[in-house]
1. For each of Phe147, Phe86, count neighbouring Cβ atoms within 10 Å of the residue's Cβ, then give the residues from fewest to most.
2. What ³J(HN,Hα) values, in whole Hz, does the Karplus curve 6.51 cos²θ - 1.76 cosθ + 1.60 give for segment 128-143 when θ = phi - 60°, with x put for Gly and Pro?
3. Quick one: Trp202, Trp212, fewest Cβ neighbours within 10 Å first, how do they rank?
4. Test of understanding: extend the Cα→C-beta vector of Val23 to 7 Å, then name every residue of segment 38-80 with backbone N under 19 Å from that spot.
5. In percent, how large is the relative contact order of the chain, given Cα pairs closer than 8 Å and 6 or more residues apart?
6. Mean-square fluctuation check for the chain, GNM, Cα pairs under 10 Å: which of Val122, Val23, Val240 is largest?
7. Given a Förster radius of 51 Å and the C-beta distance between Asp45 and Asp243 as r, what FRET efficiency does 1/(1 + (r/R0)^6) yield to the nearest 0.05?
8. What lysines does Lys246 reach when the alpha-carbon gap must be under 24 Å and sequence neighbours fewer than 8 apart in one chain are set aside?
Amino acid sequence: MSRRRRSPDQYAKGEELGKYRIVQLLGTGGFARVYHACDTVEGRDVALKVPHEHLMKDGLKEVLREVRIMGKLEHPGILQLRNAMFVGNRLVMAYPLGERSLALRLRHRLSASTALEIMDQVLDAVSYAHARRVIHCDINPDNVILFPGPRAKLIDFGIARIAKRTQVQGSGSGTVGYVAPEQALGLPSFRSDVFSLGLLLWRMLAGDLPRWPYEWPFPGHEKVRRKVQPELIAIVRKAVTVDQRKRYRDAGQLKAAIDALGDDVLR
């Protein structure tokens, strides 16, 4: 089926990419468009990611390198790549289809207990990646996919680095609002992921996202104080310190600090 579209990686309902038939567009990011698609051979729904055309022209080797890295990250909290293939000159990547992103879930009230449950799973996944020397670079609610349970799975490891290197010089990497100051300057590290993790947890607990210059107390501070113990608030504050040298060195250290609080985190 052939229909007119505005760009080479924009597909309409019913169009086919190899064995995948497009159902609808789910979203567009700096790296790719993501579609709900049907695998016509296996008879299952998938999330189909189609990288933007300029990445295929200017950064194909880097894209393939990151695909291979993602293929080696086997962890319950990391969304597993089911298939990667070329259809003509288009690279398509298929993933299990979740219920919705954390970003969509955050449009409605989220209990503190559910927020901490999701955060524990995300922290476990990022800790696993950091132990294997992989920086995520774009931790934000859109990159956390929720499955029944809720089970949280992180997507797009390292993709922000590709997007940044293939755009105009001086453009930042990562998602605005969740990027550590040094990462915005092109110097990401494990501590940059820690910064994003701290902001993610605060957003889930407070319903508000702190913004530059990240002056304390953050928006929603009183609301968070009523939900959790002050020790957890102190941990978040350390995680999002502007001076990266004062943060936790990686996600594993941040997770250990939270785990050390035990089961009495909630008020």
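1. Lowest to highest Cβ neighbour count: Phe86, Phe147.
2. Karplus-based 3J(HN,Hα) across segment 128-143 equals 4, 5, 4, 5, 9, 6, 10, 9, 6, 6, 8, 7, 7, x, 5, 9 Hz.
3. Arranged by neighbour count, lowest to highest, Trp202, Trp212 become Trp212, Trp202.
4. In segment 38-80, the label zone of Val23 (backbone N under 19 Å from the point 7 Å along Cα→Cβ) covers 38-50, 79-80.
5. With pairs under 8 Å counted, the relative contact order is 14 percent.
6. Of the options given, Val23 has the highest mean-square fluctuation.
7. E between Asp45 and Asp243, to the nearest 0.05, is 0.65.
8. Answer for Lys246, where 24 Å is the Cα cut-off: Lys238, Lys255, listed by chain and number.
Each value in this text was obtained by applying a stated rule to the coordinates, not by laboratory testing. Nothing here was measured: the structure is a model prediction, and the numbers come from that model. Note: ideal-geometry Cβ built from the backbone for every residue, glycine included; neighbour counts use all protein chains shown.
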